[in-house]
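Asker: Please find one structure pasted underneath; my questions will follow.
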Amino acid sequence: MKTVLKQIDKIKKGQLKPVYAVIGTERMLIEEVTASLTETIRAGQEDDMNIMHFDLTETSIDDVIFEAESFPFFGGKKLIFVHSSYIFTGKKVSAAVKHTPSLVENYLNDPSDFSILVFIAPYDKLDKRKKVTKTLLKSAEVIDVTPASEKDTADYLKSYCQSSGYSMSRESFERLLQLTDRNLSKAKNELDKLMVYHIEDKEISMESIDKLVSKSLEQNIFELNERVLKKNVKQSIVLYQDLLHQKEDPIKILALMISQFRLLLQVKILRKKGYQQADIAGILKIHPYRVKLALQTEKRFKQEILSQAHRYLITADYEIKSGKVNAEMQIELFIWKFSTMTE
């Protein structure tokens, strides 16, 4: 991620390349690259007509290349963003648009000096077997915007917060990361919201984080399961009823509860076999932080208890889908039943 930030800094300083390839799925970084290029070009000319956006699911790459090779009408430099650049992947798109990859290859080998062409490929990977992809990676300035690691996310947010003149306690910062699933794009959006709220005092509090940061359904289910695991029946049912009032589907709630209990079981079994946190995350193909939380929780319970709870939830799911029982009532029954299980 440090490389991306250095590349963005160069863009802001006007050190521009004729062709960029923005590859990866971290939306916040894509937006930052796009904004930096736009601001830099806009600062050097009065008219925005030289800043263009195309989408390859709607526009042929042939038209894009024609535009890139045509002189700017009002002088200056053209900035051309090419969104959904799926032609560099193995992705199949059911669009009526026809593309001629060889035109891209020819252009990349001899790009116009009055155009900046920015291919945005918001995908996990490109098809490096394709000639057009090989040419792109060889000729363009590649900006890797793959999802940031947990450490990179934390470092970026801390730096952003401090450079903006704001502060928060370590506990508050950890709470923000937790509520946003340690996702850089989510956390940055929520942090911007909190900064507006604390524009006067510049001190972001735990209270405002809990009040303003939007929780996903998965986050709410994580909290519900935490209350269930602590056998806090009253608070569990209050949160569950809140979710129902928010029109959340009890079957979806149950599915997420099953998923989280399954994770606890898997982590316990793998830990008993001697696997460490990083190994478990790799085996289960999930974020290491989720494994960290599961490791902290599963130690409090015998495998038999977790297995029994998991089986009860699966049975409830089957009976609900078979029309044998009331969906809303089954989760409340589980909450009561788990509270009576001996550890």
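Asker: Rounded to the nearest 20 Debye, what is the dipole magnitude of the range 1-90 about its Cα centre when Lys and Arg each give +1 and Asp and Glu each give -1 at the C-beta?
Answerer: 640 debye
Asker: In terms of modelled amide H atoms, which long-range or inter-chain residues lie less than 5 Å from the amide H of V19?
Answerer: Amide H neighbours of V19: L117, E141.
Asker: At a Förster distance of 30 Å, what's the computed FRET efficiency of H287 paired with D201, Cβ-Cβ distance as r, to 0.05?
Answerer: For R0 = 30 Å, the calculated efficiency reads 0.35.
Asker: Projected onto the charge dipole of the range 1-82 (+1 at Lys/Arg Cβ, -1 at Asp/Glu Cβ, origin at the Cα centre), which of S36, L5, I51 gives the Cα projection farthest towards the positive end?
Answerer: Ranked along the dipole, the leading option is L5.
Asker: If you don't mind, there's one more thing I want to ask. Starting at 0 and stepping by 10 Å, how many percent of the alpha carbon pairs of the range 168-297 end up in each bin?
Answerer: With 10 Å bins starting at 0, P(r) equals 11, 34, 35, 17, 2, 0.
Asker: Could you point to the label whose value was computed as semi-axes √(5λ) of the Cα gyration tensor in Å for the structure here, given [x] 65, 23, 18; [y] 47, 25, 19; [z] 38, 21, 18?
Answerer: Looking at semi-axes √(5λ) of the Cα gyration tensor in Å for this model, the match is [y].
Asker: Hey, what did the chain get for relative contact order, percent, Cα under 8 Å, at least 6 apart?
Answerer: In percent, rounded to a whole number, it is 16.
Asker: Please report the accessible area of V82 (heavy atoms, 1.4 Å probe, ligands and nucleic acids excluded) in Å², nearest 10.
Answerer: The accessible area of V82 comes to roughly 0 Å².
Asker: Follow-up question, since we're still on this one. Can you give me the Kirkwood hydrodynamic radius for the range 260-343, using every pair of distinct Cα atoms, in Å to one decimal?
Answerer: For the range 260-343, the Kirkwood estimate is 13.9 Å.
Asker: Which residues in the range 46-77 place their backbone N less than 19 Å from a point set 7 Å from the Cα of F114 along the Cα-to-Cβ direction?
Answerer: Residues passing the 19 Å test: 46-53, 63-77.
Asker: What FRET efficiency comes out for the pair Q178/K138, r = Cβ-Cβ distance, R0 = 30 Å, nearest 0.05?
Answerer: Efficiency at R0 = 30 Å is approximately 0.10.
Asker: Tell me which chymotrypsin sites (Phe, Trp or Tyr not before Pro) from the range 35-90 have a DSSP coil assignment and no more than 16 other beta carbons within 10 Å of their own.
Answerer: Counting only loop positions with at most 16 other Cβ atoms within 10 Å, the chymotrypsin sites (Phe, Trp or Tyr not before Pro) in the range 35-90 are F73, F74.
Asker: So, one more: Binning every alpha carbon pair distance of the range 7-101 at 10 Å from zero, what are the percents per bin?
Answerer: Result, from short to long distances: 14, 44, 34, 8 percent.
Asker: Can you tell me the length gained on complete extension of the stretch E150 to T57, counting 0.36 nm per residue apart and subtracting the Cα distance?
Answerer: 30.2 nm
Asker: Also, I was wondering about something else. I need the phi-derived Karplus couplings for the range 333-340: 6.51 cos²θ - 1.76 cosθ + 1.60, θ = phi - 60°, integer Hz, Gly and Pro marked x.
Answerer: For the range 333-340, the Karplus curve yields 4, 4, 4, 5, 5, 5, 5, 9 Hz.
Asker: Taking R0 as 51 Å, what's the FRET efficiency between L5 and E319 from their Cβ-Cβ distance, rounded to 0.05?
Answerer: Once rounded, the FRET efficiency stands at 0.45.
The values are calculated or read from the model by the stated rules, or taken from the named source; none is laboratory data. This is a predicted model, so every value here is computed, not measured. FYI the Cβ positions are ideal-geometry reconstructions off the backbone, even for glycines, and counts take in every protein chain you see. When the accessible area is computed, the model is the full protein with side chains, heavy atoms only, and any ligands, DNA or RNA have been set aside. Shrake-Rupley method; radii C 1.70, N 1.55, O 1.52, S 1.80 Å.
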